[in-house]
Amino acid sequence: MSETKTERGNWNSKLGFVLAAAGSAVGLGNIWGFPTQVADNGGASFILIYVICCLIVGLPVMIAEFAIGRHTRRNPVGAFKKLGNGWFPPLIGLWGVMCGVMILSFYLVIAGWTVGYIFEEIFYYLGIVAASEWVSDLENGIKNAFFAILFMIATVGIITGGVSNGIERATKTLMPILILVLIIMIGYVFTLQGSMEGLRMYLLPDLTAINTDLVFSALGQAFFSLSLGMGALLTYGSYLKKNQNIVESATYVTIADMGIAFLAGLLIIPAMFVAQHAGITIMDEDGNLFASTTLVFDVLPNLFKSMGGFFGLIFGSSFFILLSMAALTSTISLLEVPVSYIIDEHKIARKKAAMIVGGLVLAISLIISFNIGLIDLLATIFNNVGLPLGGLMLSLFLAWFWKTENAIEEIRSGYENLDHGYFQNVWTLFIKYICPVLIALVLITTLYNLVS
Ligand code: PFF
């Protein structure tokens, strides 16, 4: 069924929904964020704690978002308005919409860098040095703005196509290509010298490296990577049919997200050591591995160059194409949150809504393009504080106002064996107590670290 103007769409197939939600989850957070955090936090021990965080906090909160979305069939603001009385519940949704707008505005600039680097690889190969330097200059405002605009046009284009024709179709094509490219690249890196040293760091946990900072970073990373806390997956859940099993879908999405993060690390951590073998500096004077921007936009491109010739071009451009694709399926979901809000609550047609919100977000992105120092600040406010805060409010609201019994009734639809087994009791325990307490601890620590 095709959707028109302000009518709500539906996912066409069960797999389509899982892939779209996984597409939202899999993004820069997996391919860039996760390996960086692993490198920063002592390798395999981070992975261990990260997996635990995804399973004991991420998965229960994701099930909650899907259940609220499908039950209300609304955007986050409308959903909380429908479930609760008074002025406060819609604010939880509005917080999500705001986080969506702000995260998208800087995510777009970074996504723009990834597109720029596809061209950097090509220009470098062709020997057009000036152009190659121009596209790889992360501080060049005009260039940043140009690529952010390009990325926004692609995002708006897909969103305008609607739920099944736009989002579902795009993610169904992009996700399998992404996995394939990743696996081919991993296979290649393992043939190079130095990769085994990286593999050891990646797979053998040093349990003494586990401390509270590591646990808090892991939980924050889990929220961002699983797209939780701002109603993106709630919105995707609102297009879900009643015969789909929410718990099963959430489990697939969580596993896909963790799996791709794991694959990305399997590529990047060994690649860093291959780079070191090739004489590229990968650590600062104190012996700490380079993090974030330097790692992805400096160490890796240098590695691709050291491969030389056509091979370096194919490898390098594939990597950045892969990063941009992953980012695109995430920007779609970031934009879908405010767009669905405007469609539902202000009865504006999808196309117009996408253009209005897209324009607004782009205006903020342009400011950031010229002041990239803002990215750290915005990421701290909206990723590290905004998403966990949203997740905390969502869990508390569900557990204590909407009530877990009502949520379970929603989850029952599509989940025939719900009454056999432990799901009800386990999920109730997690969403009522374990998730809120853990998230609150992380938030308090993050805020304490910020002010001290
Ligand atoms: N999960 C995305 C990533 O890992 O890059 C980022 C993201 C998308 C966060 C959508 C939040 C969101 F609602």
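The values are calculated or read from the model by the stated rules, or taken from the named source; none is laboratory data. Note that this is a predicted model, so its numbers are computed, not measured. So basically every Cβ, Gly included, is an ideal-geometry build from the backbone, and we count neighbours across all protein chains shown. We work out accessible area using only protein heavy atoms, side chains counted, and drop any ligands, DNA or RNA first. Shrake-Rupley method; radii C 1.70, N 1.55, O 1.52, S 1.80 Å.
General observations
- Per this entry, Y433 is not counted among residues that are surrounded by fewer than 16 Cβ atoms within 10 Å (Cβ to Cβ), more than 19 Å from N85 (Cα to Cα) and at pLDDT below 95.
- Any hit, the range 110-125, residues being assigned to a helix (DSSP H, G or I), in contact with a Pro (Cβ under 9 Å, 6 or more places away or on another chain) and among the polar types (S, T, N, Q): no
- Enumerated helices (runs of 4 or more DSSP H) restricted to the range 191-305, each holding at least 2 residues that are more than 30 Å from Y415 (Cα to Cα), of a type outside the set (G, A, S) and within 16 Å of the ligand (Cβ to nearest atom): 246-277
- Residue identified as touching a residue at least 12 places away in the same chain (Cβ under 8 Å) and open to solvent by less than 20 Å² (accessible area, probe 1.4 Å) among M196, M201, M175: M175
- A single entry from V51, V101 fulfils the requirement of being closer than 21 Å to V163 by Cβ, within 16 Å of the ligand (Cβ to nearest atom) and surrounded by fewer than 24 Cβ atoms within 10 Å (Cβ to Cβ): V101.
- Any chance I184 is under 27 Å from V18 (Cα atoms), in a helix (DSSP H, G or I) and over 21 Å from the mean Cα position of the chain (by Cα): yes
- Meets criteria (among the acidic types (D, E) and open to solvent by less than 10 Å² (accessible area, probe 1.4 Å)) for E133: no
- Scanning the range 83-97 for residues that are within 12 Å of the ligand (Cβ to nearest atom) and open to solvent by 10 Å² or more (accessible area, probe 1.4 Å) yields one hit, V97.
- Among all positions in the range 326-343, there is at least one residue which is within 16 Å of the ligand (Cβ to nearest atom), part of a helix (DSSP H, G or I), farther than 30 Å from S136 by Cβ and of a type in the set (V, I, T).
- Scan the range 250-280 for residues that are within 18 Å of the chain's Cα centre (by Cα), among the small types (G, A, S) and surrounded by fewer than 24 Cβ atoms within 10 Å (Cβ to Cβ) and the total you get is 2.
- Among the criteria (1) surrounded by 18 or more Cβ atoms within 10 Å (Cβ to Cβ); (2) of a type in the set (D, E, K, R); (3) not in a helix (DSSP H, G or I), the one K143 does not fulfil is (3).
- Condition met for T6 (at pLDDT below 90, among the β-branched types (V, I, T) and within 16 Å of the ligand (Cβ to nearest atom)): no
- Scan of the range 318-367 for residues that are farther than 17 Å from P76 by Cβ, of a type in the set (V, I, T) and crowded, with 23+ Cβ neighbours inside 10 Å, ordered by number: T329, T331
- Looking across the range 436-452, the residues that are aliphatic (A, V, I, L, M) and surrounded by fewer than 18 Cβ atoms within 10 Å (Cβ to Cβ) come down to V437, A440, L441, I444, L447, L450, V451.
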